[in-house]
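Here is the structure we will look at, set down as structure tokens.
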């Protein structure tokens, strides 16, 4: 019997809402906009987070970078290696490459250099590395072939150009492969043009064999950094620990506090970036939640008006046997139906908006199932909370007063 | 009164006082009366006499300040709002001067209302409401909204609604007050018919002419019963 009376309340609520369709729609608009912005804004936040993840993955998978020197404040961020005093040796590299948890390694040092082709000049970052660089950094030539072990061993004067460096230096008329360029006055032959990473800094670089780099560009024998690919994503912390232990041993140092190197772990970078994106998502979600609350106040306002307008109806229902609870449920259900239908429409609008952002706005947007559930629950709670007071007021009316109300 | 039968309603020394600032208004100041099953009683009195207060108490919309009130032997004082709602639903069929139909519901749905709160299933309600509309002569008007019906038709829908819960008493408050003479007479004729079928009816009015259509007239003045007897004498 209880459920039957409840079922009737839903029917009554729907009839009453249909009876004033325009007003009902306007009432739900607040919740609709709130739910839609919750979905769309968190989709943007999520999209940003996924984009960061993507771009970090494009650095190379399971990547650890061993840097020379002490960690700086921004140790987790990828650093330009050109102003690092190198402390890492070829022996270090060999020892790390021999570790079980390490798949591939390649050294890296860099310096600014003046590049010249015919009478064109351009300022570039020259990176010295070896033949395994493409594999470690997941960065392959678009044309030509990256220099191999033989070129590195024999200190050949060959260079691979970043996609932007190639255009800046050679223009688009010249076939880059085989082109003779000069770096700080020294002649290099272009053997490859790298694919674009969508990152101007990387795309403007020029790669040369580390052996040639050390002899001709920077001098010295040590490397500024080592790129290390761990065997497995799940074993990156272990790989990092193994590398640190090995280098401490080789450098005869007691602990990481005294170390002349540090290891940047891609996971940490990812974590930091995701943390930022998470805050962003939370912030956007908060804004959306506020608009849901505003929508809820709109519902409360209209429900209070509705209770007043229907005072006499409430009196009649009470005279005919409606208990305070029946009246409470009737108005509460009405508020919840309003807010939940607003919420559902808002979810549809939010999903559509997120789709439009990514389709036409060029923004990364990804709707999470969690945000849909959240928007739904939020709109339900809004109806219960903001419908509660008007419904309570209705249920407390004195039937005699209510019947007399004009 | 049937020998040994309990009255449908028994009011004993009912008082209803309203405290308004420093003064106390004694709207009812010791009213006693019985209504037996099958009686047709008018309660008559000028405005301010206390008849509305009495009607509210009889209808369980209000509870007395003092005194006892029993419906079918069941005591009503001190009951919760929920229990009072149950008693209204089960025992009382209200008929109002201004009909009080819900404007957005059609005639059938209006008649169904008390049955919803009684917990009847949809189909039972529909059947019963249709039967009752038939009985009050509105068989074909079930899907009309109140605004599409004449005053007399609206009051007949209200009578059907009052009958829906098979109440012990029909409690009519100036049922002809909003109707013209001819339509009012039709409604009173319907009461007489229901009375003949055995219904217990209490008709509250200020109009002696209308009060005379009952068998018995109770006259209220200044919160007291001043006359109680067969229609011919009291009115």
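Structure notes:
- Matching residues, region B:106-123, being more than 25 Å from residue B:178 (Cα to Cα) and within 11 Å of chain A (Cβ to nearest Cβ): B:115, B:116, B:117, B:118, B:119, B:120, B:121, B:122
- Filter pass, residue A:290 being more than 14 Å from chain B (Cβ to nearest Cβ), surrounded by fewer than 16 Cβ atoms within 10 Å (Cβ to Cβ) and within 29 Å of the chain's Cα centre (by Cα): yes
Here is a yes/no grid of residues against (1) exposed (fewer than 15 other Cβ atoms within 10 Å of the Cβ); (2) within 14 Å of chain A (Cβ to nearest Cβ):
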position: B:136; (1), (2): no, no
position: B:153; (1), (2): no, no
position: B:159; (1), (2): no, yes
position: B:166; (1), (2): yes, yes
position: B:183; (1), (2): no, no
position: B:187; (1), (2): no, no
position: B:193; (1), (2): yes, no
position: B:217; (1), (2): no, no
position: B:223; (1), (2): no, no
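- Counting only strands (runs of 3 or more DSSP E) that sit wholly inside region A:201-270, those with at least 2 residues that are modelled with pLDDT of 90 or more are A:205-209, A:225-230.
- Members of region A:1-60 found to be closer than 17 Å to residue A:380 by Cα and under 21 Å from the mean Cα position of the chain (by Cα), listed by number: A:36, A:37, A:38, A:39
- Qualifying residues in region B:89-100 (those that are more than 12 Å from residue B:163 (Cα to Cα) and in contact with a helix residue (DSSP H, G or I) (Cβ under 6 Å, 6 or more places away or on another chain)) - the one farthest from the other protein chains (Cβ to nearest Cβ): B:99
- The set of residues from region B:56-86 being over 13 Å from the mean Cα position of the chain (by Cα) and at the interface with chain A (Cβ under 10 Å from one of its Cβ atoms) comprises B:62, B:80, B:81, B:82, B:83, B:84, B:85, B:86.
- Filter pass, residue A:182 being in a loop (DSSP other than H, G, I, E, B) and farther than 23 Å from residue A:229 by Cα: no
- Checking residue B:103 against (1) loosely packed, with under 15 Cβ neighbours inside 10 Å; (2) more than 8 Å from chain A (Cβ to nearest Cβ); (3) part of a helix (DSSP H, G or I); (4) touching a helix residue (DSSP H, G or I) at 6+ places or on another chain (Cβ under 8 Å), the condition it does not meet: (3)
- Helices (runs of 4 or more DSSP H) lying entirely in region A:80-164 (those with 2 or more residues that are surrounded by fewer than 20 Cβ atoms within 10 Å (Cβ to Cβ) and either at pLDDT below 90 or out of contact with any helix residue (DSSP H, G or I) (no Cβ under 9 Å at 6 or more places or on another chain) (or both)): A:90-97, A:149-153
- Qualifying position, being over 15 Å from the mean Cα position of the chain (by Cα) and part of a helix (DSSP H, G or I), among B:160, B:192, B:178, B:130: B:130
- Residues being touching a residue at least 60 places away in the same chain (Cβ under 8 Å) and within 24 Å of residue A:403 (Cα to Cα) - total across region B:32-52: 11
- The set of residues in region A:15-55 that are surrounded by fewer than 18 Cβ atoms within 10 Å (Cβ to Cβ) and either touching a strand residue (DSSP E or B) at 6+ places or on another chain (Cβ under 9 Å) or within 12 Å of chain B (Cβ to nearest Cβ) (or both) comprises A:15, A:18, A:19, A:20.
The values are calculated or read from the model by the stated rules, or taken from the named source; none is laboratory data. Source: prediction; values computed, not measured. FYI the Cβ positions are ideal-geometry reconstructions off the backbone, even for glycines, and counts take in every protein chain you see.
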